[in-house]
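The values are calculated or read from the model by the stated rules, or taken from the named source; none is laboratory data. Please read all numbers here as calculations on a predicted model, not as lab measurements. Cβ: placed from backbone, ideal geometry, glycine included. Neighbour counts: every protein chain shown. Areas reflect the complete protein model, heavy atoms only, side chains present, ligands, DNA and RNA absent. Shrake-Rupley method; radii C 1.70, N 1.55, O 1.52, S 1.80 Å.
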Amino acid sequence: MGVINCSPESFYRGSYIPAGEVHDRALAMVAAGADMIDLGAQSTAPGSSPITVAEEAARVDAALSELDGTGITLSVDTRHPEVLDVCLRHDVHAVNDISGLTDERYARAVADSGLPVFAMASCREPGDAAGIAATKKALEAVVTRCARFGVEEYVLDPAVGRWTPGRTSEHDWELCRNFSSFLEFGRPVLAAISRKTFIGDLLGRQPEDRLAGTLALTTMLVDAGAAVVRSHDVAETADLLWVHATMRQT
């Protein structure tokens, strides 16, 4: 899953693609090995500048307009039903919801769309579960919500990242060390760790210099059962996965 951010507020400036360049970047990512593109227009990084729902919708609409007719498999990263409504006017194939369907109005809109969902571990707000026990409880709640709203196709996201003030880097390392335990829900699990803060804290590096650390951890999470890898660096991650798969052949 290659990442395209239409938000200049993104924590990693290298992932920001301005209007007019989305089409070419998406095609390049697919050529480099991306199976799908995850497109979002509002930064969820701590401390990022907030934007209105109308601004998010306008950014997404412009980006998706560039991709209509390309045949690229697209996931849209939003948690607002108004934005989802705009997305559904275009060729989209999945929804990435960091709120884990906690908003009933949004959950019903997602269910009505019939699209598969990437659903993140959340209790009341995105990523508010800190630690392995709380994360499993949040994922259990996500599974319950999916059943309640009739969402049958979904991938679980254990929410690695600095989502709320109470979360620490050690919380993220704990989730990664115990990643295989998230398979107990019987659903595919997403590894979304690309260039995140906990890697930078360990290595003392800014987002621009976290690729090596990200790739090392990605290898281990795939070994632990990750079914989907979300990445800012498609070519390097595709090479990693190809080599990894080749080494596991018997």
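General observations
- Residue match in the range 80-99 (condition: in a loop (DSSP other than H, G, I, E, B), of a type in the set (Lys, Arg), modelled with pLDDT of 95 or more and open to solvent by 10 Å² or more (accessible area, probe 1.4 Å)): yes
- Those residues of the range 125-147 which are of a type in the set (D, E, K, R), out of contact with any strand residue (DSSP E or B) (no Cβ under 7 Å at 6 or more places or on another chain) and under 18 Å from Arg79 (Cβ atoms), in sequence order: Glu125, Arg145
- Scanning the range 192-227 for residues that are open to solvent by 50 Å² or more (accessible area, probe 1.4 Å), touching a residue at least 12 places away in the same chain (Cβ under 8 Å) and in a loop (DSSP other than H, G, I, E, B) yields a total of 1.
- Test result for Ser180, among the small types (Gly, Ala, Ser) and surrounded by 14 or more Cβ atoms within 10 Å (Cβ to Cβ): no
For (1) in contact with a Ser or Thr (Cβ under 7 Å, 6 or more places away or on another chain); (2) among the β-branched types (Val, Ile, Thr); (3) at positive phi, each residue gets a yes or a no:
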| position | (1), (2), (3) |
| --- | --- |
| Ala109 | no, no, no |
| Ser113 | no, no, no |
| Gly131 | no, no, yes |
| Cys146 | no, no, no |
| Leu175 | yes, no, no |
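- Whether a residue is of a type in the set (D, E, K, R), surrounded by 15 or more Cβ atoms within 10 Å (Cβ to Cβ) and touching a strand residue (DSSP E or B) at 6+ places or on another chain (Cβ under 7 Å) was assessed, and Arg25 passes this test.
- In the range 65-79, the qualifying residues are those that are assigned to a loop (DSSP other than H, G, I, E, B) and open to solvent by 10 Å² or more (accessible area, probe 1.4 Å), and the one that is nearest to Thr164 (Cα to Cα) is Arg79.
- Candidate set: the range 148-167, residues that are in a loop (DSSP other than H, G, I, E, B) and open to solvent by 60 Å² or more (accessible area, probe 1.4 Å); chosen: the one farthest from Thr197 (Cα to Cα): Glu152
- Residue check for Asp61: surrounded by fewer than 17 Cβ atoms within 10 Å (Cβ to Cβ), among the acidic types (Asp, Glu) and either assigned to a loop (DSSP other than H, G, I, E, B) or touching a residue at least 60 places away in the same chain (Cβ under 8 Å) (or both): no
- Here Arg230 clears all of (1) within 21 Å of Leu101 (Cβ to Cβ); (2) open to solvent by less than 20 Å² (accessible area, probe 1.4 Å); (3) among the charged types (D, E, K, R); (4) under 17 Å from the mean Cα position of the chain (by Cα) except the condition numbered (2).
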